[in-house]
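The values are calculated or read from the model by the stated rules, or taken from the named source; none is laboratory data. This one's a predicted model, so the numbers in the text were calculated from it and none came from an experiment. Note that we place each Cβ from the backbone using ideal geometry, even for glycine, and neighbour counts take in every protein chain shown.
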Amino acid sequence: MKCSRHLLTSAIILFSITFSKAQNYGVIFTSSASNYIDCGSNSALNANNILTMEAWVKFNTLTSDMEILSRSIGSQGIEVLYFGGNLAFYCMKDVNNGSFISYPGSNLTAGIWYHIAVAWDGTNASSMRLYVNGVSVGTLTSNGSISTGVTNPTGTFRIGNWSDAAPRYLNGIVDEVRVWSVTRTQAQIKAGMYGTVATNTSGLTAYYNFNLNAGAGTTVTNATGNTALNGTFIGSPSPAWTASPIQSQTGAISFNGSTSTITAPANTNYNSSIGTVEFWVMPTNWNTAQPEMCMLGVRGHSTTNYSLHIANGHVGLFNGVYSFVNYSFSLNTWYHLAFVSNGINTTIYVNGSPLAVPVGVFGSFTGNPLVMGLAYSVPTGTQEPFAGALDEVRIWNTARTQAQIQANMNTTLTGSETGLVGLYSMDQGVPGGSNLGLTTVIDNSPTNNPATMASFALTGSTSNWITHPIGTLPVIFSSFTGSRKDDAGVLSWTTAQEQNSKNFVVERSSDGAAYTDIGTIPAAGNSSTPLSYSFTDFSPLTGNNFYRLREVDLDGKFMYSPILTINFTGASGAIKLWPNPAASAITWSGQTAAGPGTLIVSDLSGRTLLTKTVNFTSGTNRVSINLTNLPAGVYFLTVKDKNQTMNKQFQVVR
């Protein structure tokens, strides 16, 4: 999640937060303008230090040679580019020793977003991989040996142009550029395709997400915080920021009820007569001309494994013959459906409850694609279009039990569950916004069989990506508080609801760009009642301290809060405590008036735990307090003399 910044300009500001996605940005490159981004020649971006590179790219044209990411010259370095009509990944030591992977450009289409990633282990040409949308593609060709690595060339690391003197300018849009000093696996690359990555992820050298200073100046900020790797726009006119749909979201896909469809290639994992297909569905209109609307199926023009249908008053299956069960559905209402075939018949579950009458069995024909939103007719064409939305489409090679269906129907899956052979979670894009060119639906299962959207408007609230809460990080925040308490920064937040939450990681930054983890607070896991949390930073930085929360779900997904800023410039006040944290005793020092005084130790709820009376002298006084009877925790010390009351927070550790 990309969030806007909120500043704390007084001692304490309390505000309500709705966690929503801010605008995401990419960068437009125009070959005719000879523009690109130059990221400099810092050794961190030397070719022999780069083991993985990735970016989202939408080509405007595929008729000329174009560099995507380059630290290379003619026979040295590393690069990913479109060259000679092919997408390619080169690793080169010298003119006689180099290897490359080539993938036919005929498999790509201008105007479509692709996630392109390359990786190798630094010494073995056989380890080289080129990934498109998380799938390993292309053919490896080797010349000589690169077992001692690539040669770092002269020039700079560039986005959208070659490092060599001869230009190869990119014509298209780029987003989410990441450069790594580690070899990322296929699973890691696919898992991180959408959304952002944590800037302190191990091995992340440079991260250009184009959001930190979008639309301002010619500097492209490296989000990892190493300003030596910041990029600079080159050319006139310079590359320009533009809205980008590359982000994760709690989504679903809306079909137009006439032509829109999603198709995944045929796969042997879909051919069993025993299995389960489950998904969330929301019908928006009934088709009176072809009432049996096809939600999805594994079927072709001449044979059918199965297709699953919904109509006004019933739901069912087609395997060459229609068989249906009566059920009253309401329009614009979400339902969870599961079709469980045991090889003899199929039981249909609606919202986790089985319908009384079974229907036909899944077929086992080979060579049929997975199609959503339409049914193929015989011998050509389509029929029975679906008007509505689908989410969390899951295909299993086992007959799931009712308990298994109920256990997972309200949450998203990791993709590693036993028996899962298809997982289309639809969690990408901008809900109801402009998603032009974003036509790939990722399969998060081990089958890794991405599907392609066709005949979607990709703008507006229909025939496009939309919001659906299933599969989200199920935490609703209601407030976030930041304040300065003398020398400590106190953060508090409240959740209205939590589901499958793991923890809250507190992150701090000195510049609002590069963040460091400074603490972790366990989350409730599941709660439908308001819960409050707090964290105290006992060692804030001098000057501005930027704080944000990273809420982590049990499946590893995460989201960021808005950013709070607390300033720690100037005197810390008239009250001092040491040591802090303390174990058995703490000493207070401060300026007071002469006369009787009181020291009070209380917990965060305000309950008094210890009281000590003293006679102050005028000026500086020092008093020690025994803490051996207090458990570990955070407390407040209140000091009162005849003229004033002073407060300071401290921590007890055991």
Next item on the list: Return the only residue of A216, A223, A187, A206 being touching a helix residue (DSSP H, G or I) at 6+ places or on another chain (Cβ under 7 Å) and closer than 27 Å to Y515 by Cβ.
Entry: A206
Notebook entry, point to check: Tell me, which strands (runs of 3 or more DSSP E) wholly within the stretch 115-181 include 1 or more residues that are of a type in the set (S, T, N, Q)?
Noted result: 135-137, 139-143
Margin query: Tell me yes or no: at least one residue of the stretch 24-40 is in contact with a helix residue (DSSP H, G or I) (Cβ under 8 Å, 6 or more places away or on another chain) and at pLDDT 95 or above.
Written below: yes
Item checked: Residues located in the stretch 215-268, provided they are without any contact (Cβ under 8 Å) to a residue 12 or more places away in the chain and among the β-branched types (V, I, T) -> T227
Check: Out of all the residues in the stretch 136-155, which are surrounded by fewer than 20 Cβ atoms within 10 Å (Cβ to Cβ) and of a type in the set (S, T, Y)?
Finding: S136, T139, T141, S142, S145, S147, T148, T154
Checklist line | Those residues of the stretch 634-650 which are in a strand (DSSP E or B) and touching a strand residue (DSSP E or B) at 6+ places or on another chain (Cβ under 6 Å), in sequence order | finding: V634, Y635, F636, L637, T638, V639, K640, M646, N647, K648, Q649, F650
Checklist line | Candidates S20, S4, S10, filtered to the one that is more than 25 Å from A223 (Cα to Cα) and at pLDDT below 95 | finding: S10
Notebook entry, point to check: When the stretch 419-432 is examined, which residues are found to be β-branched (V, I, T) and at pLDDT 95 or above?
Noted result: V421
Note to self: T232 - would you say it is within 20 Å of N24 (Cβ to Cβ), touching a strand residue (DSSP E or B) at 6+ places or on another chain (Cβ under 6 Å) and part of a strand (DSSP E or B)?
What the structure shows: no
Notebook entry, point to check: Hey, S258 hits all of (1) in the same structural domain as T412 (by TED's automatic domain parsing); (2) more than 23 Å from G433 (Cβ to Cβ); (3) small (G, A, S) but one; which does it fall short on?
Noted result: (2)
Checklist line | Residue ID - farthest from the chain's Cα centre (by Cα), chosen from residues in the stretch 617-638 that are within 18 Å of R654 (Cα to Cα) and β-branched (V, I, T) | finding: I625
Next item on the list: Would you be able to tell me the number of residues in the stretch 520-539 that are surrounded by fewer than 14 Cβ atoms within 10 Å (Cβ to Cβ) and closer than 30 Å to P579 by Cβ?
Entry: 4
Next item on the list: Would you mention how many residues in the stretch 236-279 are among the aliphatic types (A, V, I, L, M) and closer than 18 Å to L458 by Cβ?
Entry: 5
Next item on the list: Among the strands (runs of 3 or more DSSP E) lying completely within the stretch 540-618, list those that include at least 2 residues that are modelled with pLDDT under 85.
Entry: 544-553, 558-560, 564-567, 575-578, 585-592
Next item on the list: Select from the stretch 65-115 the residues that are of a type in the set (V, I, T) and crowded, with 18+ Cβ neighbours inside 10 Å and write down the one among them that is nearest to N435 (Cα to Cα).
Entry: I68
Item checked: Residue among T608, T542 that alone is in the same structural domain as R508 (by TED's automatic domain parsing), free of Cβ contacts under 8 Å to residues at least 40 places away in the same chain and β-branched (V, I, T) -> T542
Margin query: Filter the stretch 402-431 down to the residues that are in a strand (DSSP E or B) and either touching a Ser or Thr at 6+ places or on another chain (Cβ under 6 Å) or of a type in the set (V, I, T) (or both) and list them by number.
Written below: L420, V421, G422, L423
Notebook entry, point to check: For residues in the stretch 525-539 being under 25 Å from F636 (Cβ atoms) and assigned to a loop (DSSP other than H, G, I, E, B), which is modelled with the highest pLDDT?
Noted result: P530
Checklist line | Odd one out for T205, checked against (1) of a type outside the set (A, V, I, L, M); (2) outside any loop (DSSP other than H, G, I, E, B); (3) in contact with a Gly (Cβ under 7 Å, 6 or more places away or on another chain) | finding: (3)
Checklist line | Condition check for L81: closer than 22 Å to P239 by Cβ, among the hydrophobic types (A, V, I, L, M, F, W, C), at pLDDT 95 or above and not in a strand (DSSP E or B) | finding: no
Next item on the list: Would you mention how many residues in the stretch 235-253 are outside any loop (DSSP other than H, G, I, E, B) and surrounded by 21 or more Cβ atoms within 10 Å (Cβ to Cβ)?
Entry: 3
Next item on the list: Sort out which residues of the stretch 349-401 are assigned to a strand (DSSP E or B), over 29 Å from D427 (Cβ atoms) and at pLDDT below 90, and write them in order of number.
Entry: Q383
Item checked: Candidate set from the stretch 69-92 (those that are of a type in the set (A, V, I, L, M, F, W, C) and in contact with a Gly (Cβ under 7 Å, 6 or more places away or on another chain)); member that is nearest to V177 (Cα to Cα) -> L87
Check: Residues Y349, Y322, Y327: which one is in the same structural domain as Q383 (by TED's automatic domain parsing) and under 30 Å from E417 (Cα atoms)?
Finding: Y349
Note to self: Here are the criteria: (1) in contact with a strand residue (DSSP E or B) (Cβ under 6 Å, 6 or more places away or on another chain); (2) surrounded by fewer than 16 Cβ atoms within 10 Å (Cβ to Cβ). Tell me which single one V653 does not satisfy.
What the structure shows: (1)
